[in-house]
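A.B. asks: Would you mind keeping the following structure in view while I ask a few things?
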């Protein structure tokens, strides 16, 4: 759905753009500008600071780097004081929130979240999921969450359950 794999059948459209028609380079740039990904593993560069990791998201998407936006997102996630910390010095939950900050930084049209709260305590789980809902509402973006986290069941009115057969 996020265009990470070549589409074999049907169409996937984001912002009225058919992802199957893009070259690989165009698809990469489009994803960076219009699709946010929160993976189970954070895929952050541990030797870099939080700020430098976040500055890479708009740079790789060929967008303007906005330090005020970084401050805004970090403050929303309770990480503003960690802006200059190296990722390797963060707790697992803090690193997960930095990965979430990276995913929402460019104000995507679609946000895919794979187990976004699995490494978080109850307080930060609540904070993060409400931030994701708020961001999706503010930006009128579609939020797709894949999770086993039972704390989230009552929050999402539209659910699809996939069961192994």
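Each reported figure results from applying straightforward, stated rules to the coordinates on display, with no laboratory input. Remember, predicted model here, so these are calculated numbers, not experimental data. Here Cβ is always computed from backbone atoms with ideal geometry, including for glycine, and neighbour counts include all displayed protein chains.
A.B. asks: Applying a 10 Å radius around every beta-carbon, put 75-85, 29-39 in order of their mean neighbour count, most first.
C.D. replies: 29-39, 75-85
A.B. asks: Could you give the length gained on full extension between residue 85 and residue 126, defined as 0.36 nm per residue of separation minus the Cα-Cα distance, in nm?
C.D. replies: Between residue 85 and residue 126, full extension yields 12.4 nm more.
A.B. asks: Would you calculate the separation in nanometres between label points at residue 149 and residue 164, each defined as 7 Å from the Cα along the Cα-to-beta-carbon direction?
C.D. replies: 2.2
A.B. asks: Turning to a different aspect of this structure: Pairs of Cα atoms under 8 Å, at least six residues apart: use those to get the relative contact order of the stretch 1-85, whole percent.
C.D. replies: It rounds to 23 percent for the stretch 1-85.
A.B. asks: Report the Cα centroid-to-centroid distance between the stretch 64-109 and the stretch 1-32 in angstrom, as an integer.
C.D. replies: The distance from the Cα centre of the stretch 64-109 to that of the stretch 1-32 comes to 26 Å.
A.B. asks: Label point 7 Å out from residue 66 along Cα-to-Cβ: which residues of the stretch 5-45 have amide N under 17 Å?
C.D. replies: Once the point is set 7 Å along Cα→Cβ of residue 66, 32-36 turn out to lie under 17 Å by backbone N, inside the stretch 5-45.
A.B. asks: Okay, moving on. If you take every DSSP beta bridge fully contained in the chain, what fraction is antiparallel? Give it as a percent rounded to 5.
C.D. replies: Roughly 25 percent of the beta bridges in the chain run antiparallel, per DSSP.
A.B. asks: Got the relative contact order for the stretch 57-165 handy, in percent, Cα pairs under 8 Å and 6 or more residues apart?
C.D. replies: On the way: 88 pairs, mean separation 26.7, N = 109.
With pairs under 8 Å counted, the relative contact order is 25 percent.
A.B. asks: Given a Förster distance of 22 Å, report the FRET efficiency between residue 5 and residue 39 from their Cβ-Cβ distance, rounded to the nearest 0.05.
C.D. replies: E(calc), rounded to 0.05, equals 0.95.
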